[in-house]
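Some notes on the structure that comes next.
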Amino acid sequence: MPALPTLSTPPDTVEPPAAGAFAFIFTRLPAVLRLSCGLVCAVVALAVRTPPVRPELLLPAVAALTAWSVWYALRAWRHGIGGALVAGDVALTSAACLAMPVLVAPEVLPGEASWIAVLASTTVINTQATAPARWSVPAGLLLAATYAAGAHTAGNTAEASAHAATLLAQTACTAMLTTVMRRRLARADAAFVADQRATREALVARTAREEERQQNRDLHDTVLATLTMVGLGAVAGPSAALRERCAADLRTLAALAEARSVPSGTAWLDERLREVLTRLPGPPVSADLPPCAVPAPVAEAIAESAHAALSNVSRHAPGAATVLRLRCDAGAVAVEVIDDGPGFDPATVPAHRYGLRESVRGRMATVGGRADVDSAPGRGTRIRLEWSDVG
């Protein structure tokens, strides 16, 4: 039986995909950038140790910065990047910038090519990508200022102004880029959530309509059918069959009140059809019902569709010879209800009538089956119900 999509996950609890992708990329990328920068800077820093570089300060500083880069990458990769990680990165880089006179040789300082310049640029870019603009922009200004102060103290005013300007440009460009991306992604996620909510509401409405239609079918095939037959005089005097029919109608109404679900598993369709025959007052029906096992929802749908068809015969063709025939072969099931009554033109049945449209065709459609009606005035009616386990 085709299943409706599940409604167990409200759209508000689904992680917005754009924000999730942004967080993933801008966590992994800074982690890799910090790690690679830390390792490369360590090699470059130790390669040039001419005065006034002080090895007793350079070696501990490089060791601390390298260890920090490794820990930063591991922490970011496993747990994401929080405010404490960003603040620690900015603080250590700022301290390295201020210590530039004893950490960088004068001959490698010009041209923004020193390892401190690379470290400062990496920290600026990572900060803008991982922190809100209200924190990342001041952090970028702080790094530019500490780099300018360190380079000026080291005696290279040109480098101080040149790379400080580069850091300011990197701060502005990266901050604007990430801000625009965050806003666009927020809009995309808002549209996604709205679409999920609309889809869920549509599914809820569809389920409610299907339940209402199922109840209408059951009511049409039980209480309304019984009352119609009594009103048309199809039952003359006391009738045990009518009492049984009324008892079955009461059971159906009780099931509707309790919202009883359709049973699962396998059922014998021939037995269900024989039960249907016991619920019908009036002349006996000629039945040909060989054993046939089908999924329980399919048996329920076919049996109740056959009941609706037989009830139509009782109402509209009382006294007509009626045949109920079951065929079951290689996963295909066919049930026919045939009568030699006056017949009718199916095209003239009003759209508001539930008998054929919902109680027969609609019910069969719910299990992936079909119902064909062959009738014409003066030549009886044949209703064929078909279902196959291969769709």
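Every read-out reported here was derived from the displayed coordinates using simple, explicitly stated rules and does not represent laboratory data. Every value quoted in this text rests on a predicted model; they were computed, and no experiment measured them. As a convention, Cβ positions derive from the backbone with ideal geometry for all residues, glycine included, and neighbour counts pool all protein chains shown.
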Here is a list: I81, I116. Which entry is part of a loop (DSSP other than H, G, I, E, B) and in contact with a helix residue (DSSP H, G or I) (Cβ under 6 Å, 6 or more places away or on another chain)? I81
Can you find a residue that is closer than 21 Å to G380 by Cβ and assigned to a loop (DSSP other than H, G, I, E, B) anywhere in segment 311-318? yes
Segment 313-330, residues that are among the small types (G, A, S) and under 19 Å from D345 (Cα atoms): S314, A317, A320
Could you figure out which of (1) over 18 Å from M364 (Cβ atoms); (2) within 47 Å of the chain's Cα centre (by Cα) isn't true of R325? (1)
Residue list for segment 150-193, filter: within 30 Å of G111 (Cβ to Cβ), among the hydroxyl-bearing types (S, T, Y) and surrounded by fewer than 16 Cβ atoms within 10 Å (Cβ to Cβ): T153, T157, S161
List every residue pair whose Cβ atoms sit under 7 Å apart, with the two residues 6 or more apart in sequence or on different chains, where the first one lies in segment 72-100 and is surrounded by 14 or more Cβ atoms within 10 Å (Cβ to Cβ) and the second, anywhere, is outside any helix (DSSP H, G or I). V86/A131; M100/A154
